[in-house]
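Below: one structure, written as C-alpha coordinates.
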Amino acid sequence: MTSGNPDRQNRPEGAQPGGALQELPCSERVAGTAFAHPSERVAAQILDFYRIRWDYEPRSFPIEWDRRGNVIAAFAPDFYLPDLDLYIELTTMSQKLVTRKNRKVRRLKELYPEINIKVFYQRDFRNLLLKYGIPVRERAHAEGGGLIAPAEDDRG
Amino acid sequence: MASVLIDEDRLARRIAELGERITADYATRPPLLVTVLRGGLFFLADLCRHIDLPVRIDFMAVSAYEHGAPGQVRITKDLDEPIEGVPVLVVEDIIDTGLTLNYVLRVLRQRNPSSLEVCALLDKDVRRIVDLPVAYRGFRVPDRFLVGYGLDLDGRLRALPYVGTLREEALRG
(Lines give C-alpha, C1' and ligand atoms only; values in the text may rest on other atoms or scores of the structure.)
Protein backbone atom coordinates (compact mmCIF):
# COMPACT_ATOMS: atom_id res chain seq x y z
CA MET A 1 0.00 0.00 0.00
CA THR A 2 1.41 3.35 -0.95
CA SER A 3 0.47 6.66 0.53
CA GLY A 4 -3.13 7.22 1.31
CA ASN A 5 -5.18 9.43 3.45
CA PRO A 6 -8.12 8.39 5.57
CA ASP A 7 -9.89 11.63 4.89
CA ARG A 8 -10.01 11.70 1.15
CA GLN A 9 -13.27 9.75 1.07
CA ASN A 10 -15.53 10.58 -1.80
CA ARG A 11 -12.91 12.86 -3.24
CA PRO A 12 -14.25 14.73 -6.27
CA GLU A 13 -13.01 13.55 -9.64
CA GLY A 14 -10.00 15.64 -10.53
CA ALA A 15 -8.74 16.04 -7.01
CA GLN A 16 -5.34 14.47 -7.04
CA PRO A 17 -3.98 12.07 -4.49
CA GLY A 18 -1.07 13.19 -2.41
CA GLY A 19 -2.08 16.78 -1.94
CA ALA A 20 -1.69 18.11 -5.48
CA LEU A 21 -4.73 20.24 -4.79
CA GLN A 22 -2.71 22.75 -2.89
CA GLU A 23 -4.55 25.96 -3.39
CA LEU A 24 -8.15 26.67 -4.14
CA PRO A 25 -9.09 29.50 -6.45
CA CYS A 26 -9.34 32.78 -4.64
CA SER A 27 -12.19 34.98 -5.79
CA GLU A 28 -12.08 38.76 -5.57
CA ARG A 29 -14.62 38.50 -2.79
CA VAL A 30 -12.42 36.20 -0.75
CA ALA A 31 -9.40 38.36 -1.42
CA GLY A 32 -11.30 41.45 -0.34
CA THR A 33 -12.73 40.03 2.87
CA ALA A 34 -10.90 40.52 6.14
CA PHE A 35 -11.28 37.11 7.73
CA ALA A 36 -10.54 36.85 11.41
CA HIS A 37 -8.84 33.49 10.93
CA PRO A 38 -7.05 31.86 7.96
CA SER A 39 -9.26 28.78 8.19
CA GLU A 40 -12.28 30.98 7.47
CA ARG A 41 -10.66 32.10 4.23
CA VAL A 42 -10.18 28.47 3.17
CA ALA A 43 -13.78 27.69 4.05
CA ALA A 44 -14.92 30.63 1.91
CA GLN A 45 -12.79 29.37 -0.98
CA ILE A 46 -14.38 25.92 -0.76
CA LEU A 47 -17.86 27.47 -0.70
CA ASP A 48 -16.96 29.63 -3.69
CA PHE A 49 -15.68 26.62 -5.56
CA TYR A 50 -19.00 24.84 -5.05
CA ARG A 51 -20.92 27.96 -6.05
CA ILE A 52 -22.52 28.30 -2.66
CA ARG A 53 -23.25 31.93 -1.83
CA TRP A 54 -21.98 33.10 1.54
CA ASP A 55 -21.95 36.15 3.75
CA TYR A 56 -19.18 36.55 6.27
CA GLU A 57 -20.33 37.36 9.80
CA PRO A 58 -23.42 39.17 8.54
CA ARG A 59 -25.28 39.25 11.81
CA SER A 60 -24.55 39.40 15.50
CA PHE A 61 -27.07 37.79 17.85
CA PRO A 62 -27.37 39.17 21.38
CA ILE A 63 -27.25 36.26 23.81
CA GLU A 64 -26.86 37.90 27.21
CA TRP A 65 -28.21 41.08 28.75
CA ASP A 66 -27.65 42.92 32.02
CA ARG A 67 -30.48 43.94 34.33
CA ARG A 68 -31.01 47.12 32.41
CA GLY A 69 -31.42 45.27 29.18
CA ASN A 70 -28.04 46.20 27.74
CA VAL A 71 -26.43 43.53 25.60
CA ILE A 72 -23.36 42.19 27.36
CA ALA A 73 -22.66 39.20 25.12
CA ALA A 74 -23.33 38.53 21.46
CA PHE A 75 -22.49 35.82 19.01
CA ALA A 76 -21.73 36.31 15.31
CA PRO A 77 -21.54 33.03 13.41
CA ASP A 78 -18.76 32.97 10.81
CA PHE A 79 -20.86 32.41 7.71
CA TYR A 80 -24.43 32.63 6.53
CA LEU A 81 -25.36 30.62 3.45
CA PRO A 82 -28.49 32.35 2.15
CA ASP A 83 -29.48 29.64 -0.33
CA LEU A 84 -29.45 27.08 2.47
CA ASP A 85 -30.65 29.43 5.20
CA LEU A 86 -27.81 28.11 7.27
CA TYR A 87 -25.23 29.64 9.59
CA ILE A 88 -21.84 27.97 9.91
CA GLU A 89 -19.43 28.37 12.77
CA LEU A 90 -15.88 27.08 12.55
CA THR A 91 -14.17 26.18 15.78
CA THR A 92 -10.57 25.40 14.98
CA MET A 93 -9.13 26.12 18.36
CA SER A 94 -8.35 24.68 21.74
CA GLN A 95 -10.85 22.52 23.62
CA LYS A 96 -11.23 25.15 26.34
CA LEU A 97 -12.33 27.73 23.80
CA VAL A 98 -14.52 25.18 22.06
CA THR A 99 -16.35 24.58 25.33
CA ARG A 100 -17.00 28.29 25.65
CA LYS A 101 -18.15 28.50 22.07
CA ASN A 102 -20.40 25.47 22.48
CA ARG A 103 -22.10 27.28 25.33
CA LYS A 104 -22.68 30.28 23.11
CA VAL A 105 -24.10 28.13 20.32
CA ARG A 106 -26.40 26.37 22.78
CA ARG A 107 -27.61 29.73 24.05
CA LEU A 108 -28.12 30.95 20.51
CA LYS A 109 -30.29 27.94 19.74
CA GLU A 110 -32.35 28.49 22.89
CA LEU A 111 -32.97 32.16 22.15
CA TYR A 112 -33.33 31.87 18.39
CA PRO A 113 -34.80 28.43 17.69
CA GLU A 114 -35.60 29.46 14.13
CA ILE A 115 -31.89 29.80 13.35
CA ASN A 116 -30.18 26.90 11.61
CA ILE A 117 -26.55 26.64 12.61
CA LYS A 118 -23.91 23.98 12.10
CA VAL A 119 -20.72 23.93 14.08
CA PHE A 120 -17.59 22.61 12.45
CA TYR A 121 -15.00 21.38 14.86
CA GLN A 122 -11.32 21.12 14.13
CA ARG A 123 -11.59 17.46 13.17
CA ASP A 124 -14.48 18.13 10.78
CA PHE A 125 -12.59 20.93 9.14
CA ARG A 126 -9.37 18.96 8.86
CA ASN A 127 -11.31 16.14 7.21
CA LEU A 128 -12.86 18.58 4.79
CA LEU A 129 -9.52 20.07 3.80
CA LEU A 130 -7.87 16.71 3.42
CA LYS A 131 -10.78 15.45 1.37
CA TYR A 132 -9.97 18.13 -1.17
CA GLY A 133 -6.28 17.36 -1.01
CA ILE A 134 -5.45 20.56 0.81
CA PRO A 135 -2.60 19.79 3.17
CA VAL A 136 -3.02 21.37 6.56
CA ARG A 137 -0.79 22.39 9.39
CA GLU A 138 -1.94 22.52 12.97
CA ARG A 139 -0.93 25.84 14.48
CA ALA A 140 0.22 26.19 18.04
CA HIS A 141 -2.21 27.94 20.30
CA ALA A 142 0.30 30.78 20.75
CA GLU A 143 0.18 31.35 16.99
CA GLY A 144 -3.57 31.67 17.04
CA GLY A 145 -4.42 27.98 16.96
CA GLY A 146 -6.49 26.16 14.42
CA LEU A 147 -5.67 24.59 11.11
CA ILE A 148 -4.21 26.42 8.19
CA ALA A 149 -3.28 25.53 4.65
CA PRO A 150 0.45 25.95 3.89
CA ALA A 151 -0.36 28.78 1.51
CA GLU A 152 -1.68 30.70 4.47
CA ASP A 153 1.76 30.56 6.04
CA ASP A 154 3.06 32.58 3.13
CA ARG A 155 0.32 35.13 3.56
CA GLY A 156 1.22 35.51 7.18
CA MET B 1 -6.66 -5.46 3.70
CA ALA B 2 -10.07 -4.02 4.49
CA SER B 3 -12.40 -4.98 7.32
CA VAL B 4 -15.87 -5.76 6.14
CA LEU B 5 -18.42 -3.15 7.12
CA ILE B 6 -21.27 -4.27 4.89
CA ASP B 7 -20.94 -7.70 3.37
CA GLU B 8 -22.19 -8.88 0.00
CA ASP B 9 -25.38 -10.43 1.37
CA ARG B 10 -26.44 -7.31 3.22
CA LEU B 11 -25.67 -5.19 0.19
CA ALA B 12 -27.67 -7.46 -2.07
CA ARG B 13 -30.67 -7.58 0.27
CA ARG B 14 -30.76 -3.84 0.78
CA ILE B 15 -30.33 -3.06 -2.90
CA ALA B 16 -33.17 -5.46 -3.71
CA GLU B 17 -35.37 -3.64 -1.17
CA LEU B 18 -34.50 -0.27 -2.67
CA GLY B 19 -35.26 -1.63 -6.12
CA GLU B 20 -38.68 -2.81 -4.99
CA ARG B 21 -39.51 0.56 -3.45
CA ILE B 22 -38.40 2.42 -6.55
CA THR B 23 -40.41 0.04 -8.74
CA ALA B 24 -43.53 0.79 -6.72
CA ASP B 25 -42.96 4.54 -6.50
CA TYR B 26 -42.24 5.01 -10.20
CA ALA B 27 -44.67 2.41 -11.55
CA THR B 28 -46.48 4.84 -13.83
CA ARG B 29 -43.43 6.76 -15.06
CA PRO B 30 -40.11 4.91 -15.11
CA PRO B 31 -37.26 7.21 -14.09
CA LEU B 32 -34.04 8.08 -15.79
CA LEU B 33 -31.28 6.87 -13.46
CA VAL B 34 -28.36 9.29 -13.40
CA THR B 35 -25.06 8.45 -11.80
CA VAL B 36 -22.12 10.73 -11.16
CA LEU B 37 -19.02 8.86 -12.27
CA ARG B 38 -17.23 6.89 -11.19
CA GLY B 39 -18.01 5.32 -7.87
CA GLY B 40 -21.75 4.99 -8.37
CA LEU B 41 -21.34 2.67 -11.32
CA PHE B 42 -21.39 -0.54 -9.28
CA PHE B 43 -24.45 0.45 -7.28
CA LEU B 44 -26.27 1.59 -10.40
CA ALA B 45 -25.58 -1.68 -12.19
CA ASP B 46 -27.05 -3.76 -9.37
CA LEU B 47 -29.87 -1.39 -8.50
CA CYS B 48 -31.27 -1.09 -12.02
CA ARG B 49 -31.52 -4.88 -12.24
CA HIS B 50 -33.81 -4.82 -9.21
CA ILE B 51 -36.09 -2.18 -10.66
CA ASP B 52 -38.84 -3.94 -12.55
CA LEU B 53 -39.43 -1.07 -14.95
CA PRO B 54 -37.99 -0.04 -18.30
CA VAL B 55 -35.57 2.44 -16.78
CA ARG B 56 -32.95 4.31 -18.78
CA ILE B 57 -29.52 5.20 -17.45
CA ASP B 58 -27.19 8.12 -18.06
CA PHE B 59 -23.99 9.47 -16.59
CA MET B 60 -22.41 12.72 -15.50
CA ALA B 61 -18.94 13.58 -14.33
CA VAL B 62 -18.05 16.57 -12.23
CA SER B 63 -14.63 18.08 -12.03
CA ALA B 64 -12.95 19.40 -8.99
CA TYR B 65 -10.48 22.24 -9.05
CA GLU B 66 -7.57 21.60 -11.33
CA HIS B 67 -4.28 22.94 -10.13
CA GLY B 68 -3.57 26.34 -11.61
CA ALA B 69 -6.96 26.70 -13.26
CA PRO B 70 -9.31 29.41 -12.05
CA GLY B 71 -12.96 28.81 -11.58
CA GLN B 72 -15.48 26.64 -9.94
CA VAL B 73 -16.86 23.16 -9.99
CA ARG B 74 -18.05 22.20 -13.48
CA ILE B 75 -19.51 19.32 -15.41
CA THR B 76 -16.95 17.42 -17.45
CA LYS B 77 -19.36 14.85 -18.85
CA ASP B 78 -22.96 15.86 -19.32
CA LEU B 79 -26.10 13.82 -19.84
CA ASP B 80 -26.65 12.57 -23.36
CA GLU B 81 -30.30 13.62 -23.53
CA PRO B 82 -32.50 16.45 -22.26
CA ILE B 83 -34.44 15.71 -19.11
CA GLU B 84 -37.25 18.27 -19.31
CA GLY B 85 -40.44 16.58 -18.12
CA VAL B 86 -38.57 13.40 -17.25
CA PRO B 87 -38.53 11.88 -13.74
CA VAL B 88 -34.88 11.73 -12.72
CA LEU B 89 -33.40 9.64 -9.94
CA VAL B 90 -29.80 10.45 -9.08
CA VAL B 91 -28.02 7.30 -7.93
CA GLU B 92 -25.01 7.89 -5.70
CA ASP B 93 -22.62 5.47 -4.04
CA ILE B 94 -21.98 7.75 -1.06
CA ILE B 95 -22.95 11.19 0.17
CA ASP B 96 -20.86 12.94 2.77
CA THR B 97 -20.54 16.74 2.70
CA GLY B 98 -23.22 17.00 0.02
CA LEU B 99 -21.32 19.81 -1.74
CA THR B 100 -20.86 18.01 -5.06
CA LEU B 101 -24.33 16.52 -5.10
CA ASN B 102 -25.84 19.88 -4.22
CA TYR B 103 -24.21 21.32 -7.33
CA VAL B 104 -25.37 18.42 -9.50
CA LEU B 105 -28.94 18.73 -8.25
CA ARG B 106 -28.96 22.47 -8.90
CA VAL B 107 -27.80 21.91 -12.46
CA LEU B 108 -30.38 19.20 -13.08
CA ARG B 109 -33.21 21.16 -11.45
CA GLN B 110 -32.65 24.02 -13.89
CA ARG B 111 -33.49 21.61 -16.72
CA ASN B 112 -37.02 21.11 -15.40
CA PRO B 113 -37.29 17.37 -14.87
CA SER B 114 -40.77 16.29 -13.79
CA SER B 115 -39.23 15.07 -10.54
CA LEU B 116 -35.75 14.89 -9.09
CA GLU B 117 -34.89 12.50 -6.29
CA VAL B 118 -31.76 10.99 -4.78
CA CYS B 119 -30.96 7.36 -4.07
CA ALA B 120 -27.75 6.89 -2.07
CA LEU B 121 -26.34 3.55 -1.08
CA LEU B 122 -24.25 5.01 1.74
CA ASP B 123 -24.95 8.11 3.75
CA LYS B 124 -22.11 9.52 5.82
CA ASP B 125 -24.43 12.13 7.25
CA VAL B 126 -22.19 13.13 10.15
CA ARG B 127 -20.13 15.02 7.59
CA ARG B 128 -23.00 16.75 5.87
CA ILE B 129 -22.70 20.46 5.14
CA VAL B 130 -25.56 20.80 2.68
CA ASP B 131 -28.69 19.02 3.78
CA LEU B 132 -30.12 17.16 0.83
CA PRO B 133 -33.34 15.24 0.57
CA VAL B 134 -32.37 11.59 0.21
CA ALA B 135 -35.48 9.72 -0.89
CA TYR B 136 -33.83 6.29 -0.88
CA ARG B 137 -31.00 5.46 1.48
CA GLY B 138 -29.20 2.15 1.74
CA PHE B 139 -27.12 2.47 4.88
CA ARG B 140 -26.01 5.17 7.29
CA VAL B 141 -22.26 4.78 7.69
CA PRO B 142 -19.73 6.06 10.21
CA ASP B 143 -17.08 8.67 9.47
CA ARG B 144 -14.47 6.15 8.39
CA PHE B 145 -12.56 5.73 5.15
CA LEU B 146 -14.58 3.25 3.12
CA VAL B 147 -13.50 1.16 0.17
CA GLY B 148 -15.07 -1.38 -2.13
CA TYR B 149 -18.26 -1.59 -4.10
CA GLY B 150 -17.23 1.44 -6.13
CA LEU B 151 -15.36 3.33 -3.41
CA ASP B 152 -11.67 3.64 -4.07
CA LEU B 153 -8.38 4.37 -2.47
CA ASP B 154 -6.33 6.25 -5.05
CA GLY B 155 -8.26 4.48 -7.80
CA ARG B 156 -7.90 1.01 -6.31
CA LEU B 157 -10.15 -1.34 -4.34
CA ARG B 158 -13.31 -0.27 -6.16
CA ALA B 159 -13.98 -3.82 -7.27
CA LEU B 160 -14.18 -5.34 -3.80
CA PRO B 161 -17.60 -7.00 -3.57
CA TYR B 162 -18.27 -5.56 -0.11
CA VAL B 163 -17.97 -2.18 1.62
CA GLY B 164 -14.97 -2.19 3.91
CA THR B 165 -13.07 0.10 6.20
CA LEU B 166 -9.33 0.57 6.14
CA ARG B 167 -7.21 0.80 9.23
CA GLU B 168 -5.27 4.03 9.72
CA GLU B 169 -1.96 2.20 9.50
CA ALA B 170 -2.98 0.65 6.21
CA LEU B 171 -3.88 4.08 4.89
CA ARG B 172 -0.57 5.55 5.90
CA GLY B 173 1.46 2.50 4.99
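The values are calculated or read from the model by the stated rules, or taken from the named source; none is laboratory data. As the structure is a computational prediction, the values presented were derived from the model and not from experiment. Glycine gets a Cβ as well: all are built from the backbone with ideal geometry, and neighbour counts include every protein chain shown.
Restricting B:Thr35, B:Thr28, B:Thr100 to those that are among the β-branched types (Val, Ile, Thr) and either part of a loop (DSSP other than H, G, I, E, B) or loosely packed, with under 15 Cβ neighbours inside 10 Å (or both) reduces the list to B:Thr28.
Looking at region B:1-20, can you tell me whether even one residue there is surrounded by 14 or more Cβ atoms within 10 Å (Cβ to Cβ), in a loop (DSSP other than H, G, I, E, B) and more than 14 Å from chain A (Cβ to nearest Cβ)? No, there is no match, as no residue in region B:1-20 is surrounded by 14 or more Cβ atoms within 10 Å (Cβ to Cβ), in a loop (DSSP other than H, G, I, E, B) and more than 14 Å from chain A (Cβ to nearest Cβ). For region A:22-33, filtering for residues that are hydrophobic (A, V, I, L, M, F, W, C) and surrounded by fewer than 19 Cβ atoms within 10 Å (Cβ to Cβ) leaves 2. As a summary of the residue check, B:Val62 satisfies the conditions (1) under 23 Å from B:Ala159 (Cα atoms); (2) assigned to a loop (DSSP other than H, G, I, E, B) except for the one numbered (2). Any residue at all in region B:73-96 that is over 14 Å from B:Gly40 (Cβ atoms), out of contact with any Ser or Thr (no Cβ under 9 Å at 6 or more places or on another chain) and facing chain A (nearest Cβ under 9 Å)? So far as region B:73-96 goes, no, none of its residues is over 14 Å from B:Gly40 (Cβ atoms), out of contact with any Ser or Thr (no Cβ under 9 Å at 6 or more places or on another chain) and facing chain A (nearest Cβ under 9 Å). Summed over region B:130-161, the residues that are aliphatic (A, V, I, L, M) and on the phi > 0 side of the Ramachandran plot give a count of 1. Restricting attention to region B:133-148 and to residues that are more than 20 Å from B:His50 (Cβ to Cβ) and touching a helix residue (DSSP H, G or I) at 6+ places or on another chain (Cβ under 7 Å), the residue that is surrounded by the most Cβ atoms within 10 Å (Cβ to Cβ) turns out to be B:Phe145. B:Leu116 falls short of the stated requirement of being touching a Leu at 6+ places or on another chain (Cβ under 7 Å), assigned to a helix (DSSP H, G or I) and under 14 Å from B:Val34 (Cα atoms). Against the numbered list (1) among the polar types (S, T, N, Q); (2) at positive phi; (3) in contact with a helix residue (DSSP H, G or I) (Cβ under 6 Å, 6 or more places away or on another chain), B:Thr97 comes up short only at (2). Per this entry, B:Phe43 is counted among residues that are modelled with pLDDT of 95 or more, crowded, with 16+ Cβ neighbours inside 10 Å and assigned to a helix (DSSP H, G or I). Among residues of region A:92-111 that are farther than 11 Å from A:Phe75 by Cα, those with a Cβ under 7 angstrom from a residue that is in a helix (DSSP H, G or I) and modelled with pLDDT of 80 or more, sequence gap 6+ or separate chain, pair up as A:Thr92/A:Ser39. Among the residues of region A:34-82, the ones that are within 14 Å of chain B (Cβ to nearest Cβ), surrounded by fewer than 18 Cβ atoms within 10 Å (Cβ to Cβ) and at pLDDT 90 or above come to 2 in all.
In region B:154-172 there is no residue that is at pLDDT below 95, of a type in the set (Val, Ile, Thr) and under 16 Å from the mean Cα position of the chain (by Cα).
Of all residues in region B:121-138, those that are more than 13 Å from chain A (Cβ to nearest Cβ) have Cβ atoms under 6 Å from Cβ atoms of residues that are surrounded by fewer than 20 Cβ atoms within 10 Å (Cβ to Cβ) and in a helix (DSSP H, G or I), 6 or more apart or on another chain, in B:Gly138/B:Arg14. Is it fair to say B:Asp52 is at pLDDT 95 or above and part of a loop (DSSP other than H, G, I, E, B)? Yes. Here B:Asn102 fits the description: facing chain A (nearest Cβ under 9 Å) and over 23 Å from B:Thr23 (Cβ atoms). Considering B:Gly19, B:Gly40, the condition of being touching a residue at least 40 places away in the same chain (Cβ under 8 Å) and closer than 29 Å to B:Gly164 by Cα is satisfied by B:Gly40 alone. Scanning region A:27-48 for residues that are within 15 Å of the chain's Cα centre (by Cα) and either part of a loop (DSSP other than H, G, I, E, B) or among the hydrophobic types (A, V, I, L, M, F, W, C) (or both) gives A:Val30, A:Thr33, A:Ala34, A:Phe35, A:Ala36, A:His37, A:Val42, A:Ala43, A:Ala44, A:Ile46, A:Leu47.
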